[in-house]
Amino acid sequence: MTRQTRADGTLRHLLTLEGLSRGEIERLLDRAQQYVRPLGARPATSDELAGITVANLFTEPSTRTRVSFELAAKRLGAEVVNLEVQLSSRAKGESMLDTIFTLESLHVDAFVIRDAEAGVPGLVAASVAPHVSVLSAGEGSVSHPTQGLLDALTIRQRKGHVDGLTIAIVGDVRHSRVARSAHQALTTLGAAEVRIVAPPALLPGDDEFRGCSRHTDIEAGLRDADVVMALRIQRERMQDEAQLDAAAYFSEFGLTSARLRLARPNAIVMHPQPMNRGVEIASDVADGPKSAIRDQVRNGVAVRMAVLATVVRPA
Ligand code: NCD
């Protein structure tokens, strides 16, 4: 695995939350919290990254993550370029690394990379010049570190802490990079129990999600949970499971308000989006009083500001 830290121990890349200490995660969350503003107020801005150029390279579709990385960089005073890699040089046969080196020559200091293939952010991180940082914006089904951080920040805001909480991650865990990064963050932050709740075909392999309890019955999985994190059915990552019938899934595994009553009375509901309403989550739950889904989006910008400001070295 590519090293994320510099020789002096500071964070240079963010490819995974695995191996980050509790202190490092808490420092990122504390910094992110300083950038959070209520809706209606002006967003936080600064010139911390003035003179820095950030390139967003997304080879998979993204709305929230790409826009929030772009806003995060701009609100810190950086310049931003967005590249649709598969439409430009990749399609012409130029390798990803040639594109990276071209951008490096154009003074790009940080790359934000989303790719369906596992290993791409790590390969780029291992190949760039020492002053350049690489941030993963989602790597295959392996990891999505800034999503894990924004999920942790959202829980911390709503619950005051992560320590001692029971968190149920419900749905297509097998294909979910969000679940993998959330598990790493929440376990490191002291969650009492992280439950994996999925139909048998969507459970992850036995060698993953160590320390988590597993439930194939949604009702048992939701009982007394403090946090319920619903996941999207990710058809694009499925092979034979792609036949999955949406109506049948909703009736067996959909997060409805009746099922949510099994969780703690003050439980919160999260979803990384995009949501399939009426498949993994009922609309009234997504928009209901327990929903923290919009906070997650707002926190995404703050977390990405904190990560950029942490990894990019002032000149
Ligand atoms: C997620 C992703 O792309 O991993 N979306 C996001 O970044 N918020 C989740 C998903 O696609 O289901």
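The values are calculated or read from the model by the stated rules, or taken from the named source; none is laboratory data. The model shown is predicted, which means the values in this text are computed figures rather than measured ones. Using ideal geometry, Cβ is built from the backbone for each residue, glycine included, and neighbour counts are taken over all protein chains shown.
Evaluated against (1) within 17 Å of the chain's Cα centre (by Cα); (2) assigned to a helix (DSSP H, G or I), V173 falls short on exactly one condition, (2).
Apart from one condition, L244 fits all of (1) at pLDDT below 95; (2) surrounded by 12 or more Cβ atoms within 10 Å (Cβ to Cβ); (3) under 20 Å from the mean Cα position of the chain (by Cα); the exception is (3).
Kindly evaluate T53 against the criterion of being within 16 Å of the ligand (Cβ to nearest atom), crowded, with 16+ Cβ neighbours inside 10 Å, on the phi < 0 side of the Ramachandran plot and among the polar types (S, T, N, Q). In short, no. Being crowded, with 21+ Cβ neighbours inside 10 Å, within 17 Å of L11 (Cα to Cα) and at pLDDT 95 or above: is that true of L135 here? Yes. Search the range 258-306 for residues being within 30 Å of A125 (Cα to Cα) and away from the ligand (no atom under 14 Å from the Cβ), and hand back the single one that is surrounded by the most Cβ atoms within 10 Å (Cβ to Cβ). The residue in question is M305. Just one residue in the set L17, L39, L49, L11 is among the aliphatic types (A, V, I, L, M) and more than 19 Å from S133 (Cα to Cα); that residue is L39.
Whenever a residue of the range 68-92 is on the phi > 0 side of the Ramachandran plot, its partners that are acidic (D, E) and at pLDDT 95 or above, lying with C-beta atoms within less than 9 angstrom and at least six residues away or across chains, give the pairs G77/D47; G77/E48. The set of residues in the range 223-240 being more than 15 Å from the ligand (Cβ to nearest atom) and either within 18 Å of P199 (Cβ to Cβ) or out of contact with any Gly (no Cβ under 9 Å at 6 or more places or on another chain) (or both) consists of R223, D224, A225, V227, V228, Q239, D240. Assessment of the range 122-136 against the conditions (within 14 Å of the ligand (Cβ to nearest atom), outside the structural domain of A263 (by TED's automatic domain parsing) and of a type in the set (G, A, S)) yields at least one matching residue.
Just one of (1) in a helix (DSSP H, G or I); (2) without any contact (Cβ under 8 Å) to a residue 12 or more places away in the chain fails for A309. It is (2). I want to confirm something. Restricting to the range 118-164 and keeping residues that are in contact (Cβ under 8 Å) with a residue 40 or more places away in the chain and of a type in the set (D, E, K, R), which single residue is nearest to S291 (Cα to Cα)? Going through the qualifying residues, I end up with R158.
Let's see how each residue does on (1) in contact with a strand residue (DSSP E or B) (Cβ under 9 Å, 6 or more places away or on another chain); (2) closer than 18 Å to A32 by Cα; (3) at pLDDT 95 or above; (4) within 13 Å of the ligand (Cβ to nearest atom):
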{"site": "S143", "(1), (2), (3), (4)": "yes, no, yes, yes"}
{"site": "T154", "(1), (2), (3), (4)": "yes, yes, yes, yes"}
{"site": "R174", "(1), (2), (3), (4)": "no, no, yes, yes"}
{"site": "A182", "(1), (2), (3), (4)": "yes, yes, yes, yes"}
{"site": "A191", "(1), (2), (3), (4)": "yes, no, yes, no"}
